[in-house]
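Participant: My questions all concern the structure below.
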Amino acid sequence: MNQIQVAAQSQVPAQPVPPFAPVQIGLSEESKLALLDHWRSIKKRKWPILGLATALAALGAAVAFSMTPVYKSTATVLIEPGKPKFLSMDDMFGSAMQSKEHYQTQVEILKSREVAMRTVTTMKLWNNPDFDPRKGEDGLLTQVKAMLGMAPPKVEWNEQTLADATVTPLMKGITIEPVRLSQLVKVSFESPDSKLAAQVANDIAANYIDSDRDAKFKLAQNLNGWLEKRAAELRKNLEASELALQAYREEKGLVSLSGSAQALAGMQANEVTQRLVEARARRLQLEGTYNLIGGVGNGDYSGVPAVVNHPTVQEAIRQEAAAQKLVAELSENLGPNHIKMQEAQSSLAAARKYLEQQRRSVARSMVQEYNLARQSERSLEAALSTATGGVQDVNRKEFQLQVLEREVASNKQLYDLFMGRAKEMDAGSDIQAAVARVVDPAVVATVPVKPNKGQIIIVAFVLGLMIGSMGALLLERMDNTIKGSESAELKLHQPVLAVLPALSGEQLENVATMFIREPNSHHAEAIRTARTGIQLSNVDQNHRLLVVTSSVPAEGKTSTTINLALALSQTKRTLLIDGDMRRPQVGVRLGLAPNAKGLSNLVTGTASLKECVHAVEGSSLLVMPAGDIPPNPLDLLLSQRFKEAIRHLQPQLDFILIDTPPVELVSDALSIAPMATSTIYVVRATETPVPVIRKGLSRLQRAGANVMGVIVNGLDFEDAQRYYGESVNGGYGNTYYHGYAAQPPATPATTT
């Protein structure tokens, strides 16, 4: 059962909430580094950049001081609102002038050719040498064009042609600049003559005002004539309409009563209508009774309510009832033959007869009343029809009369309006409100505006700085070499074991043994750094074989290998083998005899191991030089005897370093590197192109080599720190090793 158990889901402790990451404001680290690299590239070439900028500034100064000075004068013009001040003539000049478009329109008029032409004509600018179009007629260029047949046609000069030829150059020097959020306009003119510049600016403003006044005067004159002509036509129309109105009144016999005739006819029609309504209501009321009476066939009208309810009939009914009551009372005490009884019977019969007569009389009167009501209704209907026709006739006459009166009033109003405007125009044609006025006349300038010598020099200097900086960045971009440890790691993607300083003079001549001759130098400290990196890699292996190579010759590969072997020999048993049998340098650098036996003799069996291994004086390092140079070194390195020799030597030593030829020239290093524990690649700072280095590393890796890292050789520490940002402490070696003696050399290792 496994010792490690996964905790239950419910027992998993809650993960802490990460703190809120603040928003990064500004440039990223990559951008900062890129800007820093650009600055270092520019700083590296600061003197050429400053030299170029100074040269361009001097050239700009020469050009500026050779240019003709140009003076500028400015007149300020206030554009008045579009509404005239003296007369109200909105219809004449348009109410749109009150808007913003009026100001913009006046600005464009100031720029117009007409204003410039008036200025040319009033000043006769063609007589000024700067504007005279005739001065180039006899020039050398004109004569050459005439000889080639390219000369323009001959011009017959007069005031008109001179003005036409002068106005275009004048307009090129005029500047019209509206002042924002105001009614002001600045009129400027530039010229080599300061007095002429001020005069032209003032004349342009004056001619603009005069041009507008002349245009308004001509417009007023034209409009005045048109108004008078139109007024005459309107006067004829008014007279004709008044005659037509008077003739109509006389024809119809109308008197102007302000509508009283129409009102009287309307009152009569209303009265007849009211009476007709009452008569119709009366007739409808009697019609029911009339129908009941007509329906009685036997002359008994006792069933007609209107007859029964009539007062006379009611009185007859009361008399009958009283007579009948008397007969009833007498019949109780007296017999039918009694005189009183007979008198009472006679009275009852008379009462009944009277009642019947009254009913017939009331019925006849109601029939007559109905007939009269119907006749009255018919007569009122006829009277209403007559009254309505009269009202309509009056309406037609009144309508036609009003039409004629309106026409007369309209013609009279239009005539009065045009006559008033005609008199107004005639009175105000000589007085017009100015469109603008000059609030600040142009004065003669004392300081030229062109050329601005200081500005030209500064711009030329800045332009030189920019061009130089861009050139420096371009050169830096084209310089595809290693600039230090950071550059090497970034471009090669390999660890940097050490960075060796650039040497010169005697140090460069004796660089192979510099580690033991100058142990406190920067070079020696860098070699120790590389030794530490080598010892810390592959620590589990006791016997390591290291191959040292480079891309091309002269990169310091051999001297680096020798110094690295000397450093390793101080603590470990180390053997240095010169594997470059094409141009062997290890034996020469270490002072061995030119005919010393070495690797080729060991592999071919012409010498023993003891004869091929030599000790280096002043150190514990063992060296095996190249020996006799074979005709084909690659066959020797690929042989089985070479591999057996290396396998025989490896258990006896802690480190074996093999100096091999550059990988870009021959493939010797590619054949040895797969056998080695690690491969160290030496590159020359600021000289070897990065693509060449990458190609060499790629070839080694494809061959099966284990690249431990690179050693950057020949780096100028001061330039690297100043221009490339390489973090190098120039006094580190001296400070750290000050007061310490060099370690005593270890006892040389023996080989069997």
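Computed from the coordinates by the stated procedures, all read-outs in this text should not be read as laboratory data. What you are looking at is a predicted structure, and each value in this text was computed from that prediction instead of being measured. Note: ideal-geometry Cβ built from the backbone for every residue, glycine included; neighbour counts use all protein chains shown.
Participant: How much length is gained on full extension from Glu315 to Asp132, taking 0.36 nm per residue of separation minus their Cα-Cα distance? Mind dumping the intermediate values first?
Facilitator: Working: separation 183, 0.36 × 183 = 65.88 nm, distance 13.72 nm.
Contour length minus the Cα-Cα distance gives 52.2 nm.
Participant: To continue, here is another question. Please report Rg over Rh for segment 494-737, where both radii come from the alpha carbon positions and Rh follows the Kirkwood definition.
Facilitator: Numbers: Rg = 17.1 Å, Rh = 18.0 Å.
Ratio of gyration radius to Kirkwood radius: 0.95.
Participant: Quote the FRET efficiency, to the nearest 0.05, computed for Ala615 versus Asn480 with a Förster distance R0 of 51 Å and r equal to the Cβ-Cβ distance.
Facilitator: On the way: r = 43 Å, r/R0 = 0.84.
FRET efficiency, Ala615 to Asn480: 0.75.
Participant: Between Lys111 and His493, what FRET efficiency comes out of the Förster formula 1/(1 + (r/R0)^6) with R0 = 56 Å and r the beta carbon distance, rounded to 0.05? The partial results should precede the final answer.
Facilitator: Numbers: r = 66 Å, r/R0 = 1.19.
Efficiency at R0 = 56 Å is approximately 0.25.
Participant: Please say if segment 485-551 is rounded, prolate or oblate, where rounded means a/c under 1.5 for a ≥ b ≥ c the square roots of the C-alpha gyration tensor eigenvalues, and otherwise the choice is prolate for a/b larger than b/c and oblate otherwise?
Facilitator: Oblate, since a/c reaches 1.5 and b/c is not below a/b.
Participant: Another one. R0 = 41 Å: FRET efficiency of Ala328 with Asn371, Cβ-based, nearest 0.05? Mind dumping the intermediate values first?
Facilitator: Values: r = 42 Å, r/R0 = 1.03.
Working from the Cβ atoms, E equals 0.45.
Participant: If you don't mind, there's one more thing I want to ask. Net charge around Gln285, counting only other residues with Cβ within less than 14 Å of its Cβ (Lys, Arg = +1; Asp, Glu = -1)? Please report the intermediate quantities before stating the final value.
Facilitator: Working: positive: Arg280, Arg282, Arg283, Arg374; negative: Glu278, Glu287, Glu369, Glu377.
Local net charge: 0.
Participant: Can you compute the label reach from Ile458? Point 7 Å from Cα along the Cβ direction, backbone N cut-off under 19 Å, restricted to segment 34-56.
Facilitator: Flagged as within label range: 53-56.
Participant: Per-residue counts of other Cβ atoms within 10 Å, averaged by peptide: what ranking do you get for 126-135, 687-696, 446-455, highest first? Don't skip to the answer; put the middle values down first.
Facilitator: Details: 126-135: 14.3, 687-696: 18.0, 446-455: 12.7.
With the highest mean Cβ count within 10 Å placed first, the list reads 687-696, 126-135, 446-455.
Participant: If packing is taken as the mean number of other Cβ atoms within 10 Å per residue, what is the order of 495-507, 322-334, highest first? Intermediate values should be presented prior to the final figure.
Facilitator: Working: 495-507: 18.1, 322-334: 13.5.
Answer by packing, highest mean first, reads 495-507, 322-334.
Participant: With the crude spin-label approximation of a point 7 Å out along Cα→Cβ, what separation in nm comes out for Ser66 versus Thr571?
Facilitator: Each label point is offset 7 Å from its Cα along the Cβ direction, giving 7.1 nm.
Participant: Can you bin segment 519-586 into rounded, prolate or oblate? Criterion: square roots of the alpha carbon gyration tensor eigenvalues sorted a ≥ b ≥ c, rounded for a/c under 1.5, prolate for a/b above b/c, oblate for the rest. Please report the intermediate quantities before stating the final value.
Facilitator: Numbers: a/c = 1.84, a/b = 1.27, b/c = 1.45.
It comes out oblate by the Cα gyration axes.
Participant: To continue, here is another question. Please tell me which of these pairs span more than 24 angstrom C-alpha to C-alpha: Lys195/Lys216; Lys172/Lys450; Lys46/Lys453; Lys72/Lys124; Lys46/Lys695? Working shown, then result.
Facilitator: On the way: Lys195/Lys216 32 Å; Lys172/Lys450 15 Å; Lys46/Lys453 26 Å; Lys72/Lys124 20 Å; Lys46/Lys695 34 Å.
Lys195/Lys216; Lys46/Lys453; Lys46/Lys695, as the Cα separations exceed 24 Å there.
Participant: Let me ask you something else. Can you list the residues of segment 593-630 with backbone N under 16 Å from a point 7 Å past the Cα of Gln652, pointing along Cα to Cβ?
Facilitator: Within reach of a label on Gln652: 597-616, 621-625.
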